[in-house]
Every structure is written in structure tokens, then in C-alpha cells.
Amino acid sequence: MKLLKFASALLCAGLLLAGCSKESSTSVAEAPRAAAKAPVTVAAIEAEAKGFTVGAPMAAHTVYVFFDPQCPHCAALWQSAKSLKSEAKFVWMPIALIGDKSIAQGATILAGPDPIAKMEENEASVLARTGGISAGDNIDAQKEIVKKNTALFNRFGFEGVPMIIALNAQTGALVTNEGSLPPAELAAKLGLQPPAQ
């Protein structure tokens, strides 16, 4: 029993320190990579990307997260970010990095009457290794949003998800981070108050 708990803890630690990348991707629908990366800016994300918001809607600090609905590291970050939702608002922007199924799952999350509940359902399924949610109906408009988010992600030259972009709450410096982080490390990177223990 102790060995099983230890193995489970190692798996969780690995998820928190890693991310899903294009090298591990099986998608054949990847957009061609630009020769030169576009500069990463919050303004470009605000103008071009779409997602759903979690946390304090009037918060002074916004954290943008590119995620793939099939990525277990994104599901781990989803769990970590919950403890910081009173400190910042998180805008979760689905992309299709891992496979074509990601487009339909991301579109289904966006199309739902409650995207947060749909995301919660998807991430719980991903962590349980059951593949995420099933595609919904009438999601063509949202599929286009996922494709546009993916194109912006590729233009920035990002390689893996989850990809966090924000302005540090203390310094105002641009923060980018590929991969999941435990709540305290995530707060420190973003310049937010650490979550209560």
C-alpha cells in the first residue's frame, strides 16, 4: 500500500513539473510554423484569443492559459489554479496540440452553458485517464475559435501546454511558463499572495 501511494505521489509530482509538447503530440493537423516567432504580448492575446474566465471577474490581474483538453499537465494546472482564483482571473484558452479530438473537446467546453462545469468534468476525466468529455452538438463556431487560438499559440512559437502568460502582479514584467506548477510556485511566479495552507 505504501508503495502504491509513493508511486502515485511520484506521478503527481511529474505532472506538476511537466507539460505536453509538440514532440509528444500525435496531431497531423498542426499549422505550419512561422520562420520567426511573433513577440508574445498580452495585447495580442486579448485581441485575438478567446476562452472562458475563472476567478474574480474584477481582479486587477489576469492570467492567460493556453491548454489542450487532452493534456494531463493542463488538468494538474487547472487544479493548482483553483486556490488562486480569489487573487486573479484566469482566462483558459483551448487549443489543439495533442490531436484532432482536442478541437472538438475545446469547442464543447466553450459552447457549454457553464464552461467552468464542462472544464471541471473534462479535467477530472483526463486525470482519471478516461479521455475527457465527448464532443457536443452545434460546436462549429467554437471549433473555429480553438483553431484560431492554436494558430496564435503557434505564431508565438510556443512548444508545450499548459502555457501561462501574465504580467507579474508585483513587477509588471511579462511572465511565460510552460508546464504545470504547484499552487505556491504558481503564486510566486505570478507575483500573487500564496494560497492559505
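Below, the figures for the structure above:
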{"item": "Inter-residue pairs, beta-carbon under 6 Å, first assigned to a helix (DSSP H, G or I) and in region 148-160, second among the aliphatic types (A, V, I, L, M) and at pLDDT below 95, 6+ apart", "result": "A151/A31; N154/A31; R155/A34; R155/A38"}
{"item": "Those residues of region 136-156 which are modelled with pLDDT under 95 and of a type in the set (G, A, S), in sequence order", "result": "G136"}
{"item": "Residue selected from region 109-147 under the condition out of contact with any Pro (no Cβ under 7 Å at 6 or more places or on another chain), assigned to a helix (DSSP H, G or I) and of a type in the set (V, I, T), by the criterion surrounded by the fewest Cβ atoms within 10 Å (Cβ to Cβ)", "result": "I116"}
{"item": "Any hit, region 80-87, residues being modelled with pLDDT of 95 or more and assigned to a strand (DSSP E or B)", "result": "no"}
{"item": "Residue, surrounded by the most Cβ atoms within 10 Å (Cβ to Cβ), within region 172-192, restricted to residues that are farther than 14 Å from T62 by Cα and free of Cβ contacts under 8 Å to residues at least 40 places away in the same chain", "result": "N177"}
{"item": "Cβ pairs under 6 Å, 6+ apart, first in region 121-145 and touching a residue at least 12 places away in the same chain (Cβ under 8 Å) and of a type in the set (D, E), second buried (at least 20 other Cβ atoms within 10 Å of the Cβ) and outside any loop (DSSP other than H, G, I, E, B)", "result": "E123/A75; E123/W78"}
{"item": "Condition broken by A96, with the remaining ones in (1) of a type in the set (G, A, S); (2) within 25 Å of A151 (Cα to Cα); (3) over 13 Å from the mean Cα position of the chain (by Cα); (4) assigned to a loop (DSSP other than H, G, I, E, B) satisfied", "result": "(3)"}
{"item": "All positions within region 164-195 that are touching a helix residue (DSSP H, G or I) at 6+ places or on another chain (Cβ under 7 Å) and either among the acidic types (D, E) or assigned to a strand (DSSP E or B) (or both)", "result": "I165, A166, L167, V175, N177"}
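Residue by residue, here is whether (1) of a type in the set (D, E); (2) within 25 Å of T171 (Cα to Cα); (3) modelled with pLDDT under 95 holds:
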| site | (1), (2), (3) |
| --- | --- |
| A36 | no, no, yes |
| V42 | no, yes, no |
| G51 | no, no, no |
| F66 | no, yes, no |
| H73 | no, no, no |
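The values are calculated or read from the model by the stated rules, or taken from the named source; none is laboratory data. None of these values were measured; they are calculated from a predicted model. Note: ideal-geometry Cβ built from the backbone for every residue, glycine included; neighbour counts use all protein chains shown.
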